[in-house]
Structure formats: structure tokens, C-alpha cells
Protein chains: 2
Amino acid sequence: MTTETASLADMANAIRALSMDAVQAANSGHPGMPMGMADVATVLFSDYMKFDPAAPKWDDRDRFVLSAGHGSMLIYALLNLTGYAHPTMDEIRNFRQLGSPCAGHPENFMLDGVECTTGPLGQGLAMAVGMALAERHLNAKHGDDLVDHRTWVIAGDGCLMEGINHEAVGLAGHLGLGRMIVLWDDNNITIDGSVELSSSEDVEARYRASKWHTVRCDGHDPADIRRAIDEALADPRPSLVACKTIIGKGAPNKQGTSATHGAALGEDEVAATRKELGWTAEPFVIPDHIAAAWKKTGERGAAAREAWHQRYEADKDRAEAYEASTTLPGADAGAVLQDYIRGLVAEPKKVATRKASEMALGPLTEAFPNMIGGSADLTGSNNTKTKSTGPITIDNYDGSYVYYGIREFGMAAAMNGMALHGGIAPYGGTFLIFSDYCRNAVRLSALQQVGVTYVFTHDSIGLGEDGPTHQPVEQVMSLRLIPNLNVMRPCDTIETAECWAIAMANAHTPSVLALSRQNLPQLRGEGDADWAPLKNMSAMGAYRLKSAEAARKVVLIATGSEVALACDVAKALEVAGIGADVVSMPCMELFEAQDASYRQEVIPDTVLRVSIEAGTTLGWERFTHGGSVVNGLNIGLDRFGASAPAEQLFERFGFSVDAIVPQIKAKLGE
Amino acid sequence: MTTETASLADMANAIRALSMDAVQAANSGHPGMPMGMADVATVLFSDYMKFDPAAPKWDDRDRFVLSAGHGSMLIYALLNLTGYAHPTMDEIRNFRQLGSPCAGHPENFMLDGVECTTGPLGQGLAMAVGMALAERHLNAKHGDDLVDHRTWVIAGDGCLMEGINHEAVGLAGHLGLGRMIVLWDDNNITIDGSVELSSSEDVEARYRASKWHTVRCDGHDPADIRRAIDEALADPRPSLVACKTIIGKGAPNKQGTSATHGAALGEDEVAATRKELGWTAEPFVIPDHIAAAWKKTGERGAAAREAWHQRYEADKDRAEAYEASTTLPGADAGAVLQDYIRGLVAEPKKVATRKASEMALGPLTEAFPNMIGGSADLTGSNNTKTKSTGPITIDNYDGSYVYYGIREFGMAAAMNGMALHGGIAPYGGTFLIFSDYCRNAVRLSALQQVGVTYVFTHDSIGLGEDGPTHQPVEQVMSLRLIPNLNVMRPCDTIETAECWAIAMANAHTPSVLALSRQNLPQLRGEGDADWAPLKNMSAMGAYRLKSAEAARKVVLIATGSEVALACDVAKALEVAGIGADVVSMPCMELFEAQDASYRQEVIPDTVLRVSIEAGTTLGWERFTHGGSVVNGLNIGLDRFGASAPAEQLFERFGFSVDAIVPQIKAKLGE
């Protein structure tokens, strides 16, 4: 072996030692993957990755995604050894303990250098597709001088068996994202045992079928790893590098078996591994010459970063254009929409809120070219495309609309990747029912604190004839349960515009817009007591849309398409001398964030409260029960829908003035 | 053309006419697919499908799955034309109207002959894998004489782009389910336009990479369709038959475009199509000679069915064995578990409920070999395998355990398929967090009313070090929102056994078992007031586990791992002279199904009620708010978790006696 190769092996053994020792200290974790992929990661970081630990957020850095997130010690070791400020060795020593940024799975909100939160299998790879697409898009806008980086992924068999990888691979191949390279930890082991227990797939053939380049290498031979990566770099297609590895490599009695996958090796095997690797240092101690080699690796990127900064500084106009184009809409979105909203006030429109969304997207996408839209093959139904958004294709990355195909989960993950990459405000559409298909990616938007906007249309039985398979009943409420997610169900054109402004203003909280298929009257702008034309009322989460005329005996709380119904119910109640407020609640989460006095003012617990929403009722009791008028009324749908025209379904399931008014009167004893 | 071919074309045109006329009458629906696949379907039903409309539930019938469920008129036309009792022509005339069994998408609970509910793309194909596996399994047990049928699927580009199809294809190829044949409607059109907009995949190459046989044909040439199907039948692998078709075939101005996909053709184009097809009959009228040809097709299977019945009758022992083996556990499961529960009463066990589940599965899988278990590569963690369950492999279908691989969605859909096939009670495991990955299949279990049991383990922050990506916070409550699904979170060994009995007893309501990773004390069997050793208390949904000793001032309602905590809280309250009931609520849905007097007895609204569950609180207000003591207390976790040992997390997030007791005292003003 040459000195250089020996040095790489030593460096890789540092990863192995840290991984097995940290897992052993925690008595919890996954040593097998970092030990198996240590050689590949060492070659990648030593010879290929463009990064600078001193500037972890440098725009033009390569992105590294550990899709097999359970092998988190691999990335913690890499970040520490190459000189990132965190994790410190003490933080690694506290792997998986409360307060350590070295969580069980890598978390982007805990550590610089962790580009995304991984662990839910397949999603890292799918987010990488979004990152690679963002890079090509910004490159098309700003050129190689400013945007010229790669996206590297380490993925395991789990990532490759998950359905989402089919969607991600299909999208990346179709869009020709050649700067994306997946290093597959081909160790032939899953938790249950050998891969042969559950799969007989020719993975490479499958990738090639989706227009990927594939190449194999010995994942423990640095020269062979280099050969394969060089071949991948030379090919214009995205690449899968199958790295044949031994899981837990170095653990003499357990390597190559699933015993190394998800548990500490045990004191004896750790000792045996030390011997096998010739690793004499104490746990969490890196011998000086190896630490020095890693430090040098970490310093490799500084020159590239400085050169990038020089190029950036050299052309002020270009730099300004770059900054402008990568600055997200933020609060400016609200300002951009003011004229549009003024127009609606002057000339109300009765349209579906999915159409209202398209109308709001018009001025937004015109003002903010970094809004990249798309749909999972429902463009005309989700109304996500505007005249400002030309398609992104393999021949032209300078568009701003992605035809994601029938790939909801892949779309959601790609949007997460784009948002994480930075410089882009992604939004994408599908039917609300298919939020089920991408639900865990929505959750990862929330957990990762990224500003992704989900345009979920056809949001209730109002979808009509397509029937119960396509009618969301439980989806709105179930999305509300996800922490750090604003679920918005606007009632008309104006609320829809307000909700778009809210979505754009929240860079660290993703948004769901639940939008109607059917036309809804415009309810705002008619001079109600609390009406202020250009104040974003939806930002309060809920507000009084109509005040009681007779003495107030009931507050009707409704969302989306049921707000108009609530107004009709109120009208009927007033005719009977029963004063009724109507509260529109486009966003439960934002309402809960208001102070107690506002909440009490809008939904006082001293009168009967009635919720009206065409979905499951569980959860509405928070706003209707208790207080001095004890049990409110929850009008909803606690069963699956049916196939019929929408109006008939609303009638059939009790969403009508005739069905609701008597229930309220009975509650009031009138 | 020969007379026979002409006849097939006429027969296919009957499908086309019914499809376009029904969609036109509803002014809603998808004519393109049925018109495009009419020729393929005609050949399939005329020459290959084994079925008897007079006995639609005949066990040994071929299964036909319309995975591209939006083309529902295809199957409605086929069922009507071949002589099923339903749909009648009037029901077809009322396509997509309230009360018609001809729903927008095919629903198994509305029509015999509709083997599963489809529409959510990819799932039909994935359910078919379960059906095909069920067939091979029962064939291995009972031989060709009794079990010898095929599973046919019509799938579109949407089905093939969805991630789940990768999982389904991988599983079917691995298990060598050669009696499954997918007829791919290769029309090159999706909703957004040409497939080229979003995909560049070589679909056949991908299928071959997963050990499938593939063959192409002209989907409008009966002879070529036959050639391809014959080739598929001759190959031992599962087959993909790529049928090159023209979407909306017959509509002269719209065929071949996405305009025919999801909307009525319009009166003019319908008229033009009549002319193009030479179809002179009025809407919903089938010319006699064509009706007669279809009728003959429908009568084709009677002889095979009679022969099957003769074979069945010929061997009484074999028939009895068949009946016994295909009769689901049902209420007998409870009886089988009685000795086991007696043992627990005599000798309590402190184990994780996932382990308790394995312990209950021991006697169950021994008594009921038709319980087919599995896990999405977490066998040792989900504790789903027992000593009675040998693996199902390509070489031996006579096992009862499936290594599903890392394919949660594919597993769930396959279980739906097995349950729909009949004769099998499937159960399968993954981490509760990954219920997100298969959520829409869980929904389809509920919608389809099939007895599938989901073993979802690691059900809270009790999962510990793996951290927030793997800690379910919102999943338990969000699953409770799905109609017709029993979500059960047992607190100990005995409740876990009871929940298994409930799951097996409900053939038409699927079950979720949310089970702990961590050990939990056995709380039952200690002689509490309401304790009756062999009464299934969990079947009430909730029950009083412990009665207040001092005057009752509070009712603590808890589930799963928090019931033991509630007992400790009660103990501390009693020390302070505050009487506290403890109510265990393993299944909210079953509790809500009890009568009002039982509910009031167990959770009286005249005292303070406190819910304790390590998950999101929204929804618990239903049981804690209102009544004469107005606002209860909801102890839960409305944020993402963190990575640390479980005990530290419970402490950190307020799940401790010290944290909870003061809140209760404050509420009581003590």
C-alpha cells in the first residue's frame, strides 16, 4: 500500500472508532453503517466534497445527504474530524443524550453541515433530488461562477426499497440531474437479515431503466472508489455508485451481519475491533497524525470558497441580482397582494378557492421568480401554474414549474430539498386526500422548519362524484395534529390571498392550503364590524366575520367552504331572534397562538359555540366545550363520504340550514 | 377480419358506448381509460378470466383488479354485460349519483365482482400482490383441485409512477407470484399531458430488473393481445403486459389526448364517436347480438365452477379441512387466549406491550394457521414472528410469515389484498411513525371493511434515543380520525391480549395496535372493583381500572404506557386526600360506541377529568371538557420529541407524578 492509501485507511478507522465508541457509550445506535461506509466517506470528503467547515452555510458548497440517517455517527464523526465548530468531542461523547446535538438521527436544526433531517428511509435521497434541482435552476440563472456544486448521497438498502426512491429516481433521471451522485452502501444486509430475505432486485438495472448511470466499486478500496466516482463525474446522467461493503467492517466477529446494524457491539467486540484495526487510542481520542490528516481535509475547501467570494465581489451587479433572486418573498408577499385584494374588494369574485389560489399566485409568481411551483400531475385541478411559471425541463432549468408526475411523496420531499438548499420558495399541489401519500414528508417539512407550501385542493366531500376514495374527511384535522405546521382552510378569495401571504411570511413553518373544488361566494370586504380592508385577518387564525344582530346567543365557528353556510345559518337564526356571530377560522394553529383575551373576545365561552366543518369532528371540542355554556355542538362528518354531486352530498350529510338550525335551537332550548 | 374478431370489436364497442354515455349523463367521470382498454378487457373476459356472474363469491374465481380505478365504467360495463345481478342498466344510467352502486371509483362494498376499492393510484396493483400471494398460499395448503386461480390487474401510468408500485413489484418478483398478470394501459397520457412531461422511464426494463416477465402488444388487436397474454401465462414469473393503446379510442377528435381522461366527451364528440364506431343504438341500449355475445362470455365459467364444486364435494375430509383452514379466527380468538390470560393473572409479567403482543400471538398463531404475519423489516422490533409462523418463500408458500422488506405501504396494501381474497387474517408490523408511510392503505382497510391488523410498535417518545424522526407524537390521534378503524393502545399484557381478541373478532373493521418499546408493569388482575378475570374489559373501549379511595374529585383517563403513570398520580393524589379514579382507555372508538349511561358512569362529567397520553392533546377535550366541571386538563405532548433515553424524555416533557399532581391540585384549587 502507498502511504496515501494507508493514511486514508487510518482516517477511515477514526470514523470506525468514534462510531463504535459513541454507540457503545450510549448503548444505543447503529455502528454497522458508519463502519461499513467509513472508507467511502473518507475518500469522498478527502478528494471530492467541496466544503469549508469555517463557512458551513456557504451557498456554493456541495450538499452531502446521509439518507441512511441511522448511520448518524458517520456524519458526526466527519463534521468533528474536518473541523466544524460542532459537534465537539464532548457532544459526540454524549451521542443520543438529552441536549447533545448528536441526535439518534441527523437533524438539520441541530448542526451545521447536516443538510437535512434523515432517518425516515428514502426521504434523504428524495430531498437530494430537490437540492440537485435547485442547484441546476440557480446555475441556469446565475452561471457557473456563482452556482456550481454537487449533491452527494449515501443511501442504504432501506432507502432503495422504499417506494419513494422510485419516485425520486424517476424524477432525477427524467430531469437529468447529473450532478447528483448516490453512493449506495451495498452491504446486502437489512435488519431482518440478508437482503435476499425480501428482495431479488437488480438495483443497477432498475436505475438504468430510469436514465441513471451506474457503476460498481469495492467500497473498501480507495483507489477503486475513486475510479467509480470519477466515472460517475464524467457521465452526464445522475449516478448510482454501488459500493460493495461489509457492514460493521472491522468488528471481527460481527461484521457482515445484521447484528452490527442497530445495537452497540458490546464491550468485548469493541475491544476485539480495536485489535483488528490496530486502533490503540482511548475512546474519543484521535491520534495526532490522523487528526492532522482530517484537519487538512477540512481545510481543503477554503481556497475554493475564497475564489468564489472573489468572483462574487468582482461583479457587483451580478452579486446584487443573485442576492435579489435568492431572497425569499417573506413579508413582501403581503405587500405584493394588496392591489389584488383591493381589486377583489371592489369587484367580489365567486370562485373555488383553488382558483382563488391561482389568482393570488398570479401577482406572487410574477413578483417572486424564486417561487417554484408544481403539481403531482394535477396541474389543471390544483391550479398551481400561472403565466409567469414556465416549465423546468432537462433542456431548460431556468423555468419555475415542475411537472412532478404522479409522485406525491417524491414531490413533497423534493420541495423539502429545494427549501433546504436555499434561495427557493417551493410550492406544489395534489388532492388533499393524497396528503396521505406524502404525509411523512409534510411532517419532515415541519420538523426541519422549512417554508414549503402544500396546495391541497378538493378538500372535502365538495369534491363530489369521485367518491369516498378521493374525499378527504379526516385529513384536515389530522394535518392540524402535526407540530409546527400551519393548516389553512380559507373561505373565499380574500382569505386565500391572505393565507398565501402568511405562507410566504413563514420561512420556518410550512403551510398547508386546503382548497375547495367548488365555487364559494366572496364573504369578505362587505363592511363587517371588524373588517379592515388591508389587514390580514387570517393571520389571527380566526376572527369575527359577522356580528350578531339580535342578542348574541351563539357563535358559529366555521372554516373554508362551510363559512358561507355558517353565514346562512346565522341569517336564519337572526330571523328567529337568535343573535349569532360567525367566526371564520382559516388557521386553528395561528388562532391558538393568539393571547387569551383575543381568543375569548372572538370565541367567548359564555355562549353556545357551534363548529361547522365538513370533516371529522374530533378536536373541535377544544373550541366548543367547557366554559359557562358547557357543551357546544360539532357539525361535521364522522364517516366516509359517497359518490354524488357535491350539493347532494352536503344536503345528505346534514350541511344545510335546515339541518343545522333545529340542532342549535334544541341546544338553546328554543 | 374473421367473424370472431369482428364480434370482439363489437363487444368492445359496447364498453365504449356505455362508458361515454354514462360519463356524459353524469357530466363527470373518466371515459378515456375504458374506451382505450375496451379491447383488452374484452379479450380478457372472453378468453381468459375464470368467473361466474351467478356465483360472484366463488372461492376459486380469478381476481380482477382495476388498479386504474378512475376507469370505473370499464368494470361496471363488464359486470353488467356478463350478467352479474348488479349493476343493472338503471344503476349504470345513474353512474356517480347518490344511491347508485356505480360510484366514481369502484367500491368492493357496493358491488360483487369489484374485488377491491381502487382509485388511490398504485394500491390496486399492490393489493393484487396480496391476492396472488393468498392464492399461492392456499394452493400450497389445499392443492390445485381447490385453489387454482389467477390475479389480473389493469394498471395505468399513474399506478406505475407511484412509489408503492416499486414496493409491490419488488415483492411480487421476489416471491415469484407468476399467476399475477398486469395489463398496463400504455397510452402515454397522464392528466398533465404526455407521459414525456414527467417520466423517461423504460418501464419494462424496470420490471425485468425485479424478476418480472414483460411482453408488449397492440392493445387494439385481439390476436396480438392473446399472443401476449399466452406468453405471459407460459412464463413462471409475474408478468407485465404492456398494451399499447389510444386513450379514448373511438372518439375521433379527442382520442389520444388527455382531454378524454377525466371529463365527459361532450354531446358533439359523443355523437361523432357513435358515427366513428358505427354504434347506432341509443344510450344504455346494447344491440341484441352483442348482448348475446357478452352473455355467452358470462356463462363460460359455470362449467368450471361446477367442476370445482364436484371436486370439492368429492372429498369430504379435504373439504372440511379447507373450510376449517379458511375460516377466520373471529370470536374464537378470545377463547383461545383465556388460558394465557389466566396464566398472566397468576403470574404477572412486566414486559413491553410489543412483547406482550408476541406472547398473545403465540397461542393465536398456533390455533389459527390462517393468521399470516409479517413485518416491514422490523421483525425483531415489532415482535411479530412466533414459533408457529414459518417464512413464506418462493420455494414454499405454505409458511405464514412474510418478510415484507422495507416496504410499509406495499405491506399494508398486500395485507388488504390478502384479507379481500379471503381465508386469511393478515397482520403486519412497522414502527408507529411509519404508519405515515402506509396511511392511505390503512384508510383503504377501513373503507373496504377488511379485518387487517396493524402492529405499530415504538408508539411514543418511549422509543427514546432514535429521536423525533422516529417518535410518533401525532400518529395515535390522527389514526383515530379515520372512520371504521379501531385504534388500540393497550397498557399491559392483559389489555394487549384483549386487544388482539378484539382485532380478530372484527372481520369488517381493521385494527391498529399501538405498542410500547419499553417495559410496562402489568396493571390488571389485581382485584380492582370492576375486575372480572376473563371479561374483555378493553372491548368496552374504556373502563375503570382503579376506584377512588377518598371522595372522588378527579378521573384520570390514560392510554397505553401512561396508564401506569396515571396510577402513580392517583396514588399521590390519594395521599393528599384527593380521591382519583383511573380509567384506562385502550380504544376511544369502542368507548364512544357504548351507551351514554356506561360512558357517564366511567367518565362522569361532574368531576374534573384529566387525560394523560404521550401525544398531541387535540381531541382529548371530547372527554375532559364540558359537563358541570367545565374544563379538564390535557397532559400530552404538542411538539416534536427529542433524542435521549426514554425515562429522561418522559421526565423532560412532564410525564411524571411531580409534574402532573400540582397541575391537578391547581385545577381543583387545592
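The values are calculated or read from the model by the stated rules, or taken from the named source; none is laboratory data. This is a predicted model, so every value here is computed, not measured. Here the Cβ positions follow ideal geometry from the backbone for every residue, glycine too, while neighbour counts run over all protein chains shown. Just so you know, the surface numbers come from the protein's heavy atoms only, side chains and all, with ligands and any DNA or RNA stripped out. Shrake-Rupley method; radii C 1.70, N 1.55, O 1.52, S 1.80 Å.
A few comments on the model shown:
- Looking across segment B:284-308, the residues that are assigned to a helix (DSSP H, G or I), open to solvent by 70 Å² or more (accessible area, probe 1.4 Å) and closer than 28 Å to residue B:59 by Cβ come down to B:295, B:296, B:299, B:306.
- In the set A:335, A:360, only one residue is modelled with pLDDT of 95 or more and closer than 18 Å to residue A:503 by Cα; that residue is A:360.
- Residue that is nearest to residue A:85 (Cα to Cα) [pool: residues in segment A:309-340 that are touching a Leu at 6+ places or on another chain (Cβ under 8 Å) and outside any helix (DSSP H, G or I)]: A:329
- Considering (1) more than 14 Å from chain B (Cβ to nearest Cβ); (2) within 23 Å of residue A:441 (Cα to Cα); (3) open to solvent by 10 Å² or more (accessible area, probe 1.4 Å); (4) touching a strand residue (DSSP E or B) at 6+ places or on another chain (Cβ under 6 Å), the lone condition that residue A:357 does not fulfil carries the number (3).
- Of all residues in segment A:460-480 being open to solvent by 10 Å² or more (accessible area, probe 1.4 Å) and within 19 Å of residue A:619 (Cβ to Cβ), the one that is farthest from the other protein chains (Cβ to nearest Cβ): A:476
- Filtered residues of segment B:84-107 (kept if open to solvent by 30 Å² or more (accessible area, probe 1.4 Å) and either within 30 Å of residue B:394 (Cβ to Cβ) or among the basic types (Lys, Arg) (or both)): B:93
- Looking only at residues in segment A:608-619 that are among the small types (Gly, Ala, Ser) and under 14 Å from residue A:588 (Cα atoms), the one that is surrounded by the most Cβ atoms within 10 Å (Cβ to Cβ) is A:619.
- Selection count, segment B:85-105, where residues are more than 17 Å from residue B:71 (Cβ to Cβ) and facing chain A (nearest Cβ under 7 Å): 2
- Qualifying position, being farther than 27 Å from residue A:435 by Cα and surrounded by 21 or more Cβ atoms within 10 Å (Cβ to Cβ), among B:125, B:81, B:121: B:81
- Among the residues of segment A:264-306, those that are under 35 Å from the mean Cα position of the chain (by Cα) and among the charged types (D, E, K, R) comprise A:295, A:296, A:299, A:300, A:305, A:306.
- Residue within segment A:19-27 that is surrounded by fewer than 22 Cβ atoms within 10 Å (Cβ to Cβ), part of a helix (DSSP H, G or I), modelled with pLDDT of 95 or more and at negative phi present: yes
- Candidates in segment A:409-439 are the residues that are outside any loop (DSSP other than H, G, I, E, B) and open to solvent by 10 Å² or more (accessible area, probe 1.4 Å); of these, the one that is nearest to residue A:515 (Cα to Cα) is A:431.
- Verdict on residue A:59 being in a helix (DSSP H, G or I) and open to solvent by 10 Å² or more (accessible area, probe 1.4 Å): no
- Segment A:198-209 residues that are facing another protein chain (nearest Cβ under 7 Å), paired with ones that are acidic (Asp, Glu) and open to solvent by 20 Å² or more (accessible area, probe 1.4 Å) (beta carbon under 7 Å, 6 or more apart): A:198/A:192; A:209/B:201; A:209/B:202
- Of all the listed residues (B:348, B:363), the sole one being part of a helix (DSSP H, G or I) and not polar (S, T, N, Q) is B:363.
- Subset of segment A:620-639 that is at the interface with chain B (Cβ under 7 Å from one of its Cβ atoms) and open to solvent by 20 Å² or more (accessible area, probe 1.4 Å) - its residue that is nearest to residue A:481 (Cα to Cα): A:622
- Filtering segment A:440-459 to residues that are out of contact with any Leu (no Cβ under 8 Å at 6 or more places or on another chain) and part of a loop (DSSP other than H, G, I, E, B) leaves A:449, A:452.
- Residues satisfying the criterion are present in segment B:83-106 (criterion: under 22 Å from residue B:303 (Cβ atoms) and of a type outside the set (A, V, I, L, M, F, W, C)).
- Pair list, Cβ under 7 Å, 6 or more apart: segment B:305-322 residue over 21 Å from residue B:52 (Cα atoms), other residue open to solvent by 100 Å² or more (accessible area, probe 1.4 Å) and small (Gly, Ala, Ser): none
- Looking only at segment A:313-346, and only at residues there that are under 30 Å from the mean Cα position of the chain (by Cα) and over 24 Å from residue A:511 (Cα atoms), the one that is surrounded by the most Cβ atoms within 10 Å (Cβ to Cβ): A:322
- Selected residue (only one of A:503, A:539, A:572, A:564 is open to solvent by less than 10 Å² (accessible area, probe 1.4 Å), more than 14 Å from chain B (Cβ to nearest Cβ) and not in a loop (DSSP other than H, G, I, E, B)): A:503
- Qualifying positions in segment A:260-311 - β-branched (Val, Ile, Thr) and at positive phi: none
- Residue B:189 being within 22 Å of residue B:123 (Cβ to Cβ) and open to solvent by less than 10 Å² (accessible area, probe 1.4 Å): no
- Strands (runs of 3 or more DSSP E) enclosed by segment A:117-228 - at least 3 residues per element that are of a type in the set (Val, Ile, Thr) and at pLDDT 95 or above: A:151-155
- Which listed residue, of A:605, A:595, A:658, is open to solvent by 10 Å² or more (accessible area, probe 1.4 Å), within 14 Å of chain B (Cβ to nearest Cβ) and not aromatic (Phe, Trp, Tyr): A:605
- Exclusive hit being out of contact with any helix residue (DSSP H, G or I) (no Cβ under 6 Å at 6 or more places or on another chain) and among the hydroxyl-bearing types (Ser, Thr, Tyr), set B:357, B:381, B:435: B:381
- Some residue of segment A:643-655 being away from chain B (no Cβ under 12 Å), at pLDDT 95 or above and farther than 22 Å from residue A:544 by Cα: yes
- Scanning segment B:366-399 for residues that are among the small types (Gly, Ala, Ser), more than 10 Å from chain A (Cβ to nearest Cβ) and farther than 16 Å from residue B:171 by Cβ returns B:367, B:388, B:390.
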